[in-house]
Amino acid sequence: MNKDRIEEAQAEALEACKAAETPEALEGVRITYLGRKGLLPAMMKGLKGLAPGERAAAGRAANAFKEAVTQALAERRRTLQAPAPVAGGPGADTSLPGRWHRLGSMHPVSRVIEEAVRIFGEVGFTVAEGPDIESAYHNFEALNTPPHHPSLDPQDTFWLDSGELLRTQTSPVQIRVMESRQPPVRVITPGRCYRRDTTDATHSANFHQIEGLHVDENGGSLSDLKGVLAHFAHEMMGPEVGVRFRPHFFPFTEPSVECDFSCHVCGGGGCRVCKFSGWIEIAGAGVVDPRVYAKVGYDAERLSGYAFGMGVERIAMVKYGIEDIRMLYDNDVRFLEQFA
Ligand code: DAH
């Protein structure tokens, strides 16, 4: 074989290496070209028969053949043996854009509830729950709400055909807890409430409350109630928050108060969130009316306690500076992902 034929054979051998799809096929290529009975030994032997002028060039070409084919075989072997590329591993194309997963975030309403459960939990309250579909008895009558009370009006309450209703407050869970256990009772009950309110920046037909109830033989006075709510306010909003109590009326507490927090958004100076009053109404509360104990068979002579019910959305709005309650229900991810 002269130099030209050897170079042709080399090109052919390199093609065969590339075309081999399995290690076995590649071994076949090696045997064909470099094996003991293959082309290379025959090539070497053939050099002797060449004219002296051609022999040296053909010899160099044969050496080049051996080197090139040996290298091509080794390279191809590595490729065939390499494991399939794994993401981020060797063989991954790190110049490609990465795969992006949206991070979930906790809804502000859930965050406030979770935080409230922690704060009240630290001072001895456990969590209780009740049904969203409630009896009129638990939602109104057992809470000493007289039959002519405006909240029983179909204008205010979602009544169901069954005669039941969607609870307008979490207060009926107080009744259910007292019906099912003996004092001491110290619970909070977060949950959904429903009212036939027209939706606007501060009202929603579906909202959340957290009810609290503490009843014991020395279950608590109005000042205990004020202490617990002030502690909650400071833990939830920060030490600088102001807390004030205004006399009010609820059928199931006597005396009754409403509890306001100073507006966290403007620091009390007045802004849209607090409607320029500097304060936001957060909770209704009071000392449990003995008539409620009578309904659940508790001994009013022996017991005392306080109760409160706070609006979760109200707290979320002041805590995070949310101006419109509807933002909490629009499920716009651009809003929600700010709470990641
Ligand atoms: N349930 C009342 C409301 O929705 C809030 C409330 C007031 C709850 C006084 C209480 C309470 O437990 O003692 O307006």
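Each reported figure results from applying straightforward, stated rules to the coordinates on display, with no laboratory input. In this text, all values refer to a predicted model and were calculated from it rather than measured experimentally. FYI the Cβ positions are ideal-geometry reconstructions off the backbone, even for glycines, and counts take in every protein chain you see.
In the chain, what % of DSSP beta bridges are antiparallel (nearest 5)?
Working: 42 of 44 bridges.
Looking only at bridges with both residues in the chain, the antiparallel portion is about 95 percent.
One compactness figure for segment 1-97 is 1.40, namely its Cα radius of gyration divided by 2.2 N^0.38 Å. Applying 1/(1 + (r/R0)^6) with r as the Cβ-Cβ distance of GLU323 and ARG78 and R0 = 56 angstrom yields a FRET efficiency of 0.30. Enter the Cα centre distance for the pair segment 262-340 and segment 152-200, rounded to the nearest angstrom. About 16 Å separates the Cα centre of segment 262-340 from the one of segment 152-200. Here's the picture: charge each Lys and Arg Cβ at +1 and each Asp and Glu Cβ at -1 in the chain, and of PRO146, SER95, ALA82 the one pushed furthest to the positive end of that dipole is ALA82.
Can you tell me how much longer the chain between ALA340 and SER95 gets when fully stretched, taken as 0.36 nm per residue apart minus their C-alpha distance, in nm with one decimal? Each step should come with its number before you reach the end.
Numbers: separation 245, 0.36 × 245 = 88.20 nm, distance 2.86 nm.
Contour length minus Cα-Cα distance gives 85.3 nm.
Going from the fewest other Cβ atoms within 10 Å to the most, the residues LYS319, LYS275 appear in the order LYS275, LYS319.
Fewest to most neighbouring Cβ within 10 Å: what's the order for TRP159, TRP100? Show your work: numbers first, answer last.
Details: TRP159 15, TRP100 6.
Fewest to most other Cβ atoms nearby, the residues stand as TRP100, TRP159.
Considering only alpha-carbon pairs that sit under 8 angstrom and 6 or more positions apart, the relative contact order computed for the chain is 15 percent.
Kindly flag which residue pairs out of LYS226/LYS275; LYS18/LYS45; LYS3/LYS37; LYS18/LYS66; LYS3/LYS66 have an alpha-carbon separation exceeding 18 Å in this structure.
Working: LYS226/LYS275 25 Å; LYS18/LYS45 27 Å; LYS3/LYS37 20 Å; LYS18/LYS66 16 Å; LYS3/LYS66 13 Å.
Where the Cα-Cα span goes over 18 Å, the pairs concerned are LYS226/LYS275; LYS18/LYS45; LYS3/LYS37.
Counting only DSSP H runs of at least 4 residues, each contributing -39500 (n - 2.57), and dividing by the residue count of the chain, the helix-based mean residue ellipticity at 222 nm comes to -12000 deg cm²/dmol. Counting neighbouring beta carbons within 10 Å and listing from fewest to most, the residues LEU50, LEU40, LEU103, LEU160 come out as LEU103, LEU160, LEU50, LEU40.
The label point for GLU129 and the one for PHE276, both projected 7 Å from the Cα toward the Cβ, are 4.3 nm apart.
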